[in-house]
Amino acid sequence: MNVKPLGDRVLIKIQESETKTAGGIIIPQTAQEKTQTGVVIAIGTDKDVIKVKENDKVMYDKYAGTQIKIDGVEHLIVKMSDILAILD
C-alpha cells in the first residue's frame, strides 16, 4: 500500500523499542515504554510548512498522530507541529 500524506502531515515509520537492557535482561512488552522516535517516510503537500525531509530521524510528541499499519509495519501520520526534533 502506498500512503501520501496531505497538507502539513508527515508519515513516520515507528522505531521499535528495545526489548533487552544493556545487561541482557529481557523487558516484557507490557513494561516497555512507547517509543517516540521514527524515520520520515513521506511528507505532505504543504512544502512551506514542513521542515523535515524523507529519511530524517525524528522525535515526536508522545500522544500525537494516527497509527496505521502498512504491509504489517507500524507507521504514524502526524502534523508537522507534533514533530519535536530532528535527530542526528
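Listed values, structure above:
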read-out	value
Spatially proximal aspartates and glutamates relative to K69 (Cα-Cα < 17 Å; intrachain offsets below 8 disregarded)	E16
Ratio of Rg to Rh over the chain (Cα coordinates, Kirkwood Rh, two decimals)	1.02
Using a Förster distance of 41 Å, the FRET efficiency for S81-I26 (Cβ separation, nearest 0.05)	0.65
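Every number in this text was worked out from the coordinates using simple rules, so none of it is lab data. Everything numeric here is computed off the predicted structure, so don't read it as measured data. Here the Cβ is made from the backbone with ideal geometry for all residues, glycine too, and neighbour counts use every protein chain on show.
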